[in-house]
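**Student:** So that we are looking at the same thing, I have put the structure below in C-alpha cells.
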Amino acid sequence: MIVAKRKPFEEIKEMLKGYKKVLNVGCGTCVAVCLAGGEKEVDVLNIELDMAGKLDENPIELGAMTIERQCDREYLEALDPLVDDYDAILSMACGAGIQFLAERYPHKPIFPAVDTTFIGVNQGVGWYEERCRSCGSCVLGLTGGICPVTMCAKGLYNGPCGGTNKGSCEIDKDQPCAWYLIYERLSRQGRLDNILKFSPATDWQNQIPRTLIQPGYKKSEEV
Amino acid sequence: MKSGSNLEKVLEAGHFAFTGELGPPRGTNAEEVRKKAQFLKGNVDSVNITDNQTAVVRMSSWAASLILISEGLEPNFQMVCRDRNRLAMQSDILGAYAHGIKNMLCLSGDHQKFGDHPQGLGVFDIDSMQLINMVKEMRDEGKFLGGADIEDPPKIFIGAASNPFAEPVDFRVHRLAKKIAAGADFIQTQCIYNMDRFRIFMKQAVDMGLTEKCYILAGVTPMKSVGMARYMANSVPGMDVPDSLIKRLKDAGKGKIAEEGIKFALEQIEEFKEMEGVAGVHLMAIEWEHKVPEIAERAGVLPRPTF
C-alpha cells in the first residue's frame, strides 16, 4: 500500500490561514489502512483545527467527507455537490489522490494534510516499512525477492558494497544490508549464480511521468 | 598497453608497485595539494586522488589530479557513483583524459548520510561495477554507455576497490571476479589488518585465476594511535581490526605507538612482496603524507622504477 504520514499540525494550520470554510477529504483506501488519512483521522484533524481556530479567535468552519478512493473519478463524483460551499479543500489522500482532486476542481485551492511517504508493508499496528520504489523494471526474480533499489541505501545492482557492517548497512547498524540478505537467501536456495552475473546499467523507467494502458484496454490500432 | 600510464608500465614490467593517496583540501588552496605531493614525489608510482571522501565536499578529484600532473606526479583519479549521473561521469572522464589523466579508480562512494551534506540526493545512477564496465567500453569499444561512438576514446587504466573483510565474506572473492570481468585492470584493497583473512582471500583469488587477469595491490594504512585503531575497529563499516593488533599497539607504550604502527605496516609490506598474486601495495597514509618517504625507504621499495 501507499503509506503516508500526517503533516505537522502547525504546517497544516499555516496553509489554511485566511480560509474560513474548509472541506477536509479523507481517503478510504491506502491512507486509511496506514492510519494517516481515513475517516477517523479526518475527524481528529478537524477537532484539532476547530479547537485551534477557537483559541486563536479565528474559527474555521470545517466539513468532513471520506470517499473510498481519491485516485478514482467514480468516487470523487460524490464531492461535486459539496465543493462549492467551501473556500478550500484539505486532502488527506496520497499525492496522487490530492492531484486528482485538484484536477477535478481546478478553481478551488487544494492543500495536502499528509506527506506521502512510500510504498510499503504493514509490520504491526501503526508500523510500516518501505519495500518498493516503483522503478518500473522489477529485478526481484533475480534477487531472491529482496529489492536492491529500495532496500540498499545506494540502490546498487551489483552489491554488496564494501560498507557492510556485520550484516548491517553502513548507514545504520539497525538497517540490514539488503545485499547481505540477498546473498543469504539465494545461498540457501542454491541460486547464487543469479548475482555472480554482471547486472548492466539500468534503463531507468521513472524519469518522466508514466502512463499505462493495460494491453487489453488499448484501442485496436494501438495494440 | 591499455593506457600507457606509469602505473600500468610498472605493473606490466613486473615490478612490485607502490601507490599513494592524497586527499584534496576543503577549499581552494592549490599550494596545500602541491605540498602534500612533494612528500609523495619519487616515492610512489601513482597517487590516488580521493573524490569527496566520506561524502565531505572537497576540491574535485580531477582538478586536484591536474595539480598533481603539473607537479610531475601521476594521479589515479577516483570517481564515486554518489555524486554524478552517467552523463556527468562520462564527460568528466573525457575531460580528465584530455588533460593527461590515465588512471581511474571506480568506486560506489560512501553514503551521503556520513558527510557534510546528509540531506543531499545520492545519485547512484550506475553502480561501481557498471562504472568499471562503462570505462572499459569507452576505452576498448570507443562507445558511450548510450551506444554512440566516441571520437578519440579515453585510454584509461581501470582500477577498482575490493574489500576482502566485509560480510558476506564468502562472496567477496566472487565480487572481485565480477569486477575483473566487468573490466578492472587493477584492484586496490581496503586497508588490511587481518592478515589471516587476507591470506585466505588471496589464495581464493589465485585459485580462481583472478591474479592472472588483474593486478591486486594490497591496501596498507599505518595506525597512528590506539584511538585510531579502536575507531577503525568499531566505527568504520567493513573494517576488520584484530584485537591482537590493538593490544600490540597498546603494549608498545606511550610515545612509541606510531612507530609500532609503522613497524606493523612494514612487516605487512614484506609479506605482501612474497605473497602469491599480490602485485604491489597501496599505501593510504591518511593525513600522514609526510611519513611516506620514510615508510617507502624503510619498506625497501625505493628507488621507484622510471620509464
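The values are calculated or read from the model by the stated rules, or taken from the named source; none is laboratory data. No experiment lies behind these values; they were computed from the predicted model shown. No Cβ is skipped: glycine too gets one built from the backbone with ideal geometry, and neighbour counts run over all protein chains shown.
**Student:** Scanning for something over 15 Å from residue B:168 (Cβ atoms) and more than 7 Å from chain B (Cβ to nearest Cβ), does the range A:158-166 turn up at least one residue? Please lay out each step first, then the result.
**Tutor:** In the first step, residues of the range A:158-166 are kept if they are over 15 Å from residue B:168 (Cβ atoms); the result is none.
Looking for residues that are over 15 Å from residue B:168 (Cβ atoms) and more than 7 Å from chain B (Cβ to nearest Cβ), one finds none in the range A:158-166, hence no.
**Student:** With respect to the numbered conditions (1) within 18 Å of the chain's Cα centre (by Cα); (2) more than 21 Å from residue B:282 (Cβ to Cβ); (3) surrounded by fewer than 17 Cβ atoms within 10 Å (Cβ to Cβ); (4) not small (Gly, Ala, Ser), which one is the sole condition not fulfilled by residue B:69?
**Tutor:** Exception for residue B:69: condition (2).
**Student:** Considering only residues that are farther than 28 Å from residue B:121 by Cβ and in contact with a Ser or Thr (Cβ under 9 Å, 6 or more places away or on another chain), look in the range B:43-57 and name the one that is surrounded by the most Cβ atoms within 10 Å (Cβ to Cβ).
**Tutor:** Initial filter on the range B:43-57 (farther than 28 Å from residue B:121 by Cβ): B:43-47.
From what is left, the residues that are in contact with a Ser or Thr (Cβ under 9 Å, 6 or more places away or on another chain) are B:44-47.
On the way: B:44: 30, B:45: 27, B:46: 32, B:47: 27.
Checking each candidate, the answer is B:46.
**Student:** For the range A:119-126, check the following and say yes or no: at least one residue is of a type outside the set (A, V, I, L, M), touching a residue at least 60 places away in the same chain (Cβ under 8 Å) and part of a strand (DSSP E or B). Reasoning before the result, please.
**Tutor:** So the first thing to find is which residues in the range A:119-126 are of a type outside the set (A, V, I, L, M), and the list is A:120, A:122-124, A:126.
This time we only want the ones that are touching a residue at least 60 places away in the same chain (Cβ under 8 Å), so: A:120, A:122, A:126.
Then keep just the ones that are part of a strand (DSSP E or B); that gives A:120, A:122.
Yes, the range A:119-126 contains at least one residue that is of a type outside the set (A, V, I, L, M), touching a residue at least 60 places away in the same chain (Cβ under 8 Å) and part of a strand (DSSP E or B).
**Student:** Show the residue pairs that are 6+ apart or on different chains and have beta-carbon atoms under 6 Å apart, the first residue being within the range A:40-56 and under 17 Å from residue A:66 (Cα atoms) and in a helix (DSSP H, G or I), the second being among the small types (Gly, Ala, Ser) and modelled with pLDDT of 95 or more.
**Tutor:** Qualifying pairs under 6 Å: A:42/A:26; A:42/A:64; A:46/A:64.
**Student:** Got a sec? Which of B:236, B:226, B:278, B:220 is surrounded by 15 or more Cβ atoms within 10 Å (Cβ to Cβ), without any contact (Cβ under 8 Å) to a residue 40 or more places away in the chain and within 27 Å of residue B:176 (Cβ to Cβ)? Break it down stepwise before answering.
**Tutor:** Details: B:226 fails: within 27 Å of residue B:176 (Cβ to Cβ); B:278 fails: without any contact (Cβ under 8 Å) to a residue 40 or more places away in the chain; B:220 fails: without any contact (Cβ under 8 Å) to a residue 40 or more places away in the chain.
The conditions single out B:236.
**Student:** Being among the hydrophobic types (A, V, I, L, M, F, W, C) and either assigned to a loop (DSSP other than H, G, I, E, B) or touching a strand residue (DSSP E or B) at 6+ places or on another chain (Cβ under 8 Å) (or both) is the filter here; which residues of the range B:101-118 pass it? Outline the logic, then answer.
**Tutor:** So the first thing to find is which residues in the range B:101-118 are among the hydrophobic types (A, V, I, L, M, F, W, C), and the list is B:101, B:104-107, B:114.
B:101, B:104, B:105, B:106, B:107 - these are the residues of the range B:101-118 that are among the hydrophobic types (A, V, I, L, M, F, W, C) and either assigned to a loop (DSSP other than H, G, I, E, B) or touching a strand residue (DSSP E or B) at 6+ places or on another chain (Cβ under 8 Å) (or both).
**Student:** Also: In contact with a Cys (Cβ under 6 Å, 6 or more places away or on another chain) and assigned to a helix (DSSP H, G or I): does that describe residue B:132?
**Tutor:** Values: in contact with a Cys (Cβ under 6 Å, 6 or more places away or on another chain): yes; assigned to a helix (DSSP H, G or I): yes.
Yes, satisfied.
**Student:** Yes or no: residue B:184 surrounded by 23 or more Cβ atoms within 10 Å (Cβ to Cβ), away from every other protein chain (no Cβ under 12 Å) and within 20 Å of the chain's Cα centre (by Cα)? Break it down into steps so the answer makes sense when it comes.
**Tutor:** Numbers: surrounded by 23 or more Cβ atoms within 10 Å (Cβ to Cβ): yes; away from every other protein chain (no Cβ under 12 Å): no; within 20 Å of the chain's Cα centre (by Cα): yes.
So residue B:184 does not fit the description; no.
**Student:** Would you point out the residue of the range A:193-218, among those that are among the charged types (D, E, K, R) and free of Cβ contacts under 8 Å to residues at least 60 places away in the same chain, that is nearest to the other protein chains (Cβ to nearest Cβ)? Reasoning before the result, please.
**Tutor:** Filtering the range A:193-218 down to residues among the charged types (D, E, K, R) leaves A:193, A:197, A:203, A:210, A:218.
Next, from what is left, pick out any that are free of Cβ contacts under 8 Å to residues at least 60 places away in the same chain: A:193, A:197, A:218.
Working: A:193: 10, A:197: 8, A:218: 29 Å.
Residue satisfying both the conditions and the ranking: A:197.
**Student:** Please go through the range B:236-260 and give me each residue that is assigned to a helix (DSSP H, G or I) and within 20 Å of the chain's Cα centre (by Cα), ordered by number. Reasoning before the result, please.
**Tutor:** Quick first cut of the range B:236-260, residues assigned to a helix (DSSP H, G or I) only: B:243-252, B:257-260.
Across the range B:236-260, there are no qualifying residues.
**Student:** Sort through A:190, A:155, A:145 and tell me the only one that's touching a helix residue (DSSP H, G or I) at 6+ places or on another chain (Cβ under 9 Å) and more than 10 Å from chain B (Cβ to nearest Cβ).
**Tutor:** Details: A:190 fails: touching a helix residue (DSSP H, G or I) at 6+ places or on another chain (Cβ under 9 Å); A:155 fails: more than 10 Å from chain B (Cβ to nearest Cβ).
After ruling out the rest, the residue left standing is A:145.
**Student:** When you scan the range A:6-15, do you find a residue that is within 26 Å of residue A:121 (Cα to Cα), in a helix (DSSP H, G or I) and modelled with pLDDT of 95 or more, even just one? Outline the logic, then answer.
**Tutor:** Initial filter on the range A:6-15 (within 26 Å of residue A:121 (Cα to Cα)): A:6-9.
In the following step, the residues that additionally are in a helix (DSSP H, G or I) were identified as A:9.
Next cut, modelled with pLDDT of 95 or more only: A:9.
So far as the range A:6-15 goes, yes, one or more of its residues are within 26 Å of residue A:121 (Cα to Cα), in a helix (DSSP H, G or I) and modelled with pLDDT of 95 or more.
**Student:** Select, from B:9, B:41, B:36, the only residue that is of a type outside the set (A, V, I, L, M, F, W, C) and in contact with an Asp or Glu (Cβ under 6 Å, 6 or more places away or on another chain). Lay out the reasoning, then the answer.
**Tutor:** Working: B:9 fails: in contact with an Asp or Glu (Cβ under 6 Å, 6 or more places away or on another chain); B:41 fails: in contact with an Asp or Glu (Cβ under 6 Å, 6 or more places away or on another chain).
Criteria check complete, one pass: B:36.
**Student:** OK, next. Which residue out of B:34, B:84 is touching a residue at least 12 places away in the same chain (Cβ under 8 Å), out of contact with any Gly (no Cβ under 9 Å at 6 or more places or on another chain), basic (Lys, Arg) and within 14 Å of another protein chain (Cβ to nearest Cβ)? Steps first, answer last, please.
**Tutor:** Numbers: B:34 fails: within 14 Å of another protein chain (Cβ to nearest Cβ).
From the options B:34, B:84, the qualifying one is B:84.
**Student:** Pairs needed: first member in the range B:132-149, touching a residue at least 60 places away in the same chain (Cβ under 8 Å); second member anywhere, surrounded by 14 or more Cβ atoms within 10 Å (Cβ to Cβ) and hydrophobic (A, V, I, L, M, F, W, C); C-beta distance under 6 Å; at least 6 residues apart or different chains.
**Tutor:** Matching pairs, first to second residue: B:139/B:156.
**Student:** Do we have residue B:140 as in a helix (DSSP H, G or I) and surrounded by fewer than 16 Cβ atoms within 10 Å (Cβ to Cβ) here? Even if it seems obvious, please write down each step before you answer.
**Tutor:** Working: in a helix (DSSP H, G or I): yes; surrounded by fewer than 16 Cβ atoms within 10 Å (Cβ to Cβ): yes.
Taking the combined requirement at face value, the residue satisfies it.
**Student:** Hey, does the range B:147-169 have a residue that's at pLDDT 95 or above, within 12 Å of chain A (Cβ to nearest Cβ) and more than 30 Å from residue B:280 (Cα to Cα)?
**Tutor:** For the range B:147-169, residues at pLDDT 95 or above, within 12 Å of chain A (Cβ to nearest Cβ) and more than 30 Å from residue B:280 (Cα to Cα): present.
**Student:** Using the structure shown, decide if residue B:123 is touching a residue at least 40 places away in the same chain (Cβ under 8 Å) and either within 14 Å of chain A (Cβ to nearest Cβ) or farther than 24 Å from residue A:184 by Cβ (or both). Quick ask: steps written out before the conclusion?
**Tutor:** Working: touching a residue at least 40 places away in the same chain (Cβ under 8 Å): yes; either within 14 Å of chain A (Cβ to nearest Cβ) or farther than 24 Å from residue A:184 by Cβ (or both): yes.
Yes: the conditions hold for residue B:123.
**Student:** Further question: Only one of these is surrounded by 15 or more Cβ atoms within 10 Å (Cβ to Cβ) and either of a type outside the set (Gly, Ala, Ser) or in a loop (DSSP other than H, G, I, E, B) (or both): B:94, B:121. Name it. So that I can check it myself, show each step before the final result.
**Tutor:** Working: B:121 fails: surrounded by 15 or more Cβ atoms within 10 Å (Cβ to Cβ).
On inspection, the qualifying residue turns out to be B:94.
**Student:** Would you confirm, using the coordinates I've provided, whether residue B:87 is of a type outside the set (Gly, Ala, Ser), loosely packed, with under 15 Cβ neighbours inside 10 Å and more than 22 Å from residue B:188 (Cα to Cα)? Please lay out each step first, then the result.
**Tutor:** Working: of a type outside the set (Gly, Ala, Ser): yes; loosely packed, with under 15 Cβ neighbours inside 10 Å: yes; more than 22 Å from residue B:188 (Cα to Cα): yes.
Taking the combined requirement at face value, the residue satisfies it.
**Student:** Please specify each residue of the range B:256-307 satisfying the condition of being farther than 18 Å from residue B:37 by Cα and either of a type in the set (Asp, Glu) or at pLDDT below 95 (or both).
**Tutor:** B:259, B:260, B:267, B:270, B:271, B:274, B:276, B:307
**Student:** Looking for whichever is of a type in the set (A, V, I, L, M), within 23 Å of residue A:13 (Cα to Cα) and either touching a residue at least 60 places away in the same chain (Cβ under 8 Å) or assigned to a strand (DSSP E or B) (or both) here; the options are A:32, A:36. Which one fits? Show your work before the answer.
**Tutor:** Numbers: A:32 fails: either touching a residue at least 60 places away in the same chain (Cβ under 8 Å) or assigned to a strand (DSSP E or B) (or both).
After ruling out the rest, the residue left standing is A:36.
**Student:** Go through A:191, A:210 for me and flag whichever is loosely packed, with under 11 Cβ neighbours inside 10 Å, assigned to a loop (DSSP other than H, G, I, E, B) and basic (Lys, Arg).
**Tutor:** Values: A:191 fails: loosely packed, with under 11 Cβ neighbours inside 10 Å.
Going through A:191, A:210 in turn, just one is loosely packed, with under 11 Cβ neighbours inside 10 Å, assigned to a loop (DSSP other than H, G, I, E, B) and basic (Lys, Arg): A:210.
**Student:** Could you say which residue among B:217, B:176 is more than 14 Å from every other protein chain (Cβ to nearest Cβ), within 30 Å of residue B:97 (Cα to Cα) and outside any loop (DSSP other than H, G, I, E, B)? Explain how you work it out, then say what you get.
**Tutor:** Values: B:176 fails: more than 14 Å from every other protein chain (Cβ to nearest Cβ).
It is B:217.
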